[in-house]
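The values are calculated or read from the model by the stated rules, or taken from the named source; none is laboratory data. What you are looking at is a predicted structure, and each value in this text was computed from that prediction instead of being measured. When we count neighbours, we look across all protein chains shown, and the Cβ atoms used for this are built from the backbone with ideal geometry, even at glycine. Remember, those area values only see protein heavy atoms, side chains included, never the ligands or the DNA or RNA. Shrake-Rupley method; radii C 1.70, N 1.55, O 1.52, S 1.80 Å.
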Amino acid sequence: MSDIGLLIRALTAGLALGAVFFGGLWWTVSHALTTTVPGVWFGLSALLRMAVTIIGLYYFARLGLPSLIACLCGLLLARGAVSRLTRIAR
């Protein structure tokens with residue numbers, strides 16, 4: 001695979017990882033407070049979100065530093081997008 005193709009794939013994967021991580025965080029906060037055992041929801045959600053994100057980052061770290069940086073950039077872009085999309089209207 002060409003270098004630019006790998007970087008685009010890493011950036012796209014970072015966007016997906018960020019959407020899963022930060023979207024999952026938003027979903028957990030908005031839904032876990034209405035359950036009878038919110039601690040379990042928060043704990044399991046954090047464990048699952050971190051595991052998925054770390055596995056994805058580890059995969060791209062093995063492919064080289066440029067792909068890891070592209071993946072991290074995608075993760076940060078997704079953070080901003082989820083933040084903006086889930087903002088409460090004032």
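Kindly indicate the residue of the stretch 58-90 that is part of a helix (DSSP H, G or I) and charged (D, E, K, R) and also nearest to F22 (Cα to Cα) among those meeting that condition.
The qualifying residue nearest to F22 (Cα to Cα) is R79.
It is to be established whether one or more residues within the stretch 44-57 are farther than 23 Å from L72 by Cα, open to solvent by 70 Å² or more (accessible area, probe 1.4 Å) and either out of contact with any Ser or Thr (no Cβ under 8 Å at 6 or more places or on another chain) or assigned to a helix (DSSP H, G or I) (or both).
Yes, that holds for at least one residue.
Please go through the stretch 70-90 and pick out each residue that is of a type in the set (A, V, I, L, M), within 15 Å of the chain's Cα centre (by Cα) and surrounded by fewer than 16 Cβ atoms within 10 Å (Cβ to Cβ).
Residues satisfying the conditions are L76, L77, A81, L85.
In the stretch 6-43, what residues are closer than 18 Å to T86 by Cα, open to solvent by less than 70 Å² (accessible area, probe 1.4 Å) and part of a loop (DSSP other than H, G, I, E, B)?
Result: no residue meets the conditions.
Within the stretch 66-89, can one find any residue that is hydroxyl-bearing (S, T, Y) and without any contact (Cβ under 8 Å) to a residue 40 or more places away in the chain?
No, the stretch 66-89 contains no residue that is hydroxyl-bearing (S, T, Y) and without any contact (Cβ under 8 Å) to a residue 40 or more places away in the chain.
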